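Readers should treat all values here as calculations from the given coordinates under stated rules, not as data from a laboratory. Quick caveat: nothing in here was measured; it's all calculated off a predicted structure. Every residue, glycine among them, receives a Cβ derived from its backbone with ideal geometry; neighbour counts consider all protein chains shown.
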Amino acid sequence: MQIWRRTFATSVARFGFNPTPNSRPALLRCAQILQSSKKEGPCSLEDQEVKVNGFIRSVRKQKRFAFAEISDGSTVEPLQAILKPSQAVDLSTGAAVEISGVWKACPPGKEQTHELQTTDVTIVGESDPETFPIQKKYQSTDFLRQIPHLRIRTPFQSLLARFRSECLFQLGNVFHSYPNGGFTQVQPPIITSSDCEGAGETFTLLPRGAVTSSSPETDHFFRAPKYLTVSSQLHLEAYAAELGNVWTLTPVFRAEKSDTPRHLSEFYMLEAEANFMDDLDSLTGLVEHILRDLTRRLYDHPVGQEILSAKRTGESGQESNSDQPALDLRQRWTALMDGPKWHRITYTEAIEKLQRAVTEDGASFEHPPTWEGGLQTEHEKYIVEVLHQGSPVFVTNYPKAIKPFYMAPSQVGQNNSTPGETVACFDLLLPEVSEVAGGSLREHRLPNIIQNMREYGLIKERTSTDPDTPAPSQPLYPHLSPTEDLGHLQWYADLRRWGSAPHGGFGLGFDRFLGYLSGVSSVRDVVSFPRYFGRADC
Ligand SMILES: NC(=O)C[C@H](N)C(=O)O
């Protein structure tokens, strides 16, 4: 029978291996070391000397031994090091250390199977435990939000950053391996001339000097006002006209004063555009395929499993490792990956059902649902949570009047039973986060897009620089009157002028989707450095 004793070896021979003189311990990440102990069969690192560069998450000093939890940002699970009291004297929570030792099996019955028997520890960055704000105890989300630069050092925030990283990597694979030919990843500009959605929620870009000077040169660094992009869609359409299928993941900026857990002023939008696409089912099918495939790939990766089982530090009510949230998350993921085809419902049907819910089922809404009024968040929640029992649902064919100018009309038959004109678009609703993606077929015909621009007030009056010149008699552009000017959107009309095919695309709120997958209810906690009305701290 083996006798387990926590002793420190005094010679390398007692560790059971013979290093060559001057050989250095292998520098490994905590994840690699911990993983080696979880594999079936004997642990490949057992009794080997290893080194870790990390920081002290916590330290317990006892009479005969000290125990330190070491983290290095590679896994949510800490690596336990056992030290002699003399080695641990100066160790404190938050300190950066280089630590080496022998990876030893623990006595049975311990939480961990192995621990690091420390041979050498060097403090490379001290941390005063009295003032270090991240303590190993429950800390409220509000408190952690005040210190985003240090919040990232909590296990769950660190895990979220790794999860995001894996999503980015897998997204490349998802688009690359799309069944009917991959999508090309492109990088559209962040500085743009137009407000794509037409909602006027842009941030204007000014050079620093322009804020104080009134010189027109500095006012218009680019000769005309420019904005931070609200969506890459218009540029994606330009790429798609040549490349066929394209995608991008870029930051977008919206100057909305919404103070909700669903909105940020700077967020990442995943956008894709497919050329030669002429029906809405193909577009919703594309979105469904991408999100199912992405979820599946994440599920198959260790970081996905960590997300499904990790303790949520700092999240209220989840400070203990309750099984319930993990269970719900698994169901959420399974519904995305393996559930039946997601529901599709037209906007008009959705409004009828909401109205019936009020009259027949006693549902009540702050904003009574009307066809002209669009869907409020409370309506979206009801549609997904009550009418579709929490499964994803595409709401399609919204009224033209409440959607942007670039959307194509609904397909034949759609408008027969609706109170007004509708467009071939969708919003994808998920439980808790509600709208997570939106997209449409695009109006690809030149006369029609110009007419839409006219109706939406996007065509400018043509101005003459010389007041003595008679009014122009020739139009500047096909389908315009002589007094009209497409201004900064002429390039967008050009896309329809030459070789324009039916096409469509979508945009997905990437941070919202990550929040949905990771069970984090506020996007302010999904993003490491959130920016929202009144806050852009560091
Ligand atoms: N690419 C897209 O269809 C996204 C759309 N422009 C939006 O901002 O919602």
I'd like the distance between the alpha-carbon centres of the stretch 425-500 and the stretch 357-410, rounded to an integer number of Å. 28 Å
For K460 paired with E256, estimate the spin-label separation in nm (one decimal), with each label point 7 Å from Cα along the Cα-to-Cβ line. 2.8 nm
Going by average Cβ density within 10 Å per residue, which order do the peptides 59-71, 237-249, 34-46 take, highest to lowest? 237-249, 59-71, 34-46
Below 21 Å, Cα to Cα, which lysines can K257 reach? Residues fewer than 8 away in the same chain don't count. K226, K403
Can you list the lysines whose alpha carbon is less than 18 Å from that of K311, not counting same-chain residues fewer than 8 positions off? K136, K137
The stretch 417-534 shape via C-alpha gyration tensor axes, a/c threshold 1.5: prolate
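Can you give the calculated 222 nm mean residue ellipticity of the chain, where each DSSP H run of n ≥ 4 adds -39,500 (n - 2.57) and the sum is split over every residue, rounded to the nearest 500 deg cm²/dmol? Walk me through the numbers before you get to the answer.
On the way: 17 runs with 159 residues, N = 538.
The helix contribution divided over the chain gives -8500 deg cm²/dmol.
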Quote the relative contact order of the stretch 147-259 in percent (integer), defining contacts as alpha-carbon pairs under 8 Å separated by 6+ residues. 30 percent
Can you return the lysines within cross-link range of K51? Criterion is Cα-Cα under 18 Å, with same-chain partners fewer than 8 residues away left out. K84, K104
Amide H contacts under 5 Å for T250, restricted to residues at least 5 apart in sequence or on another chain and with H modeled in the peptide plane, are M269, E271
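In what sequence, highest mean first, do 122-131, 79-88, 167-176 appear when ranked by Cβ atoms within 10 angstrom?
Values: 122-131: 11.4, 79-88: 19.0, 167-176: 17.5.
Highest-to-lowest ranking by the protection proxy: 79-88, 167-176, 122-131.
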Which order do peptides 334-340, 105-111, 305-311 fall in by mean Cβ count within 10 Å, highest first? 305-311, 334-340, 105-111
Using the Karplus equation 6.51 cos²θ - 1.76 cosθ + 1.60 (θ = phi - 60°), what ³J(HN,Hα) coupling, rounded to whole Hz, does each residue of the stretch 520-532 give in order, writing x for Gly and Pro? 9, 7, 10, 5, 5, 9, 7, 8, 5, 10, x, 10, 8
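When Lys and Arg each count +1 and Asp and Glu each count -1, what net charge do the other residues less than 13 Å away from C196, Cβ to Cβ, add up to? Please list the in-between numbers first.
Values: positive: R254, K403, R442; negative: D195, E197, E201, E237, E271, E273.
Cβ neighbours under 13 Å give a net charge of -3.
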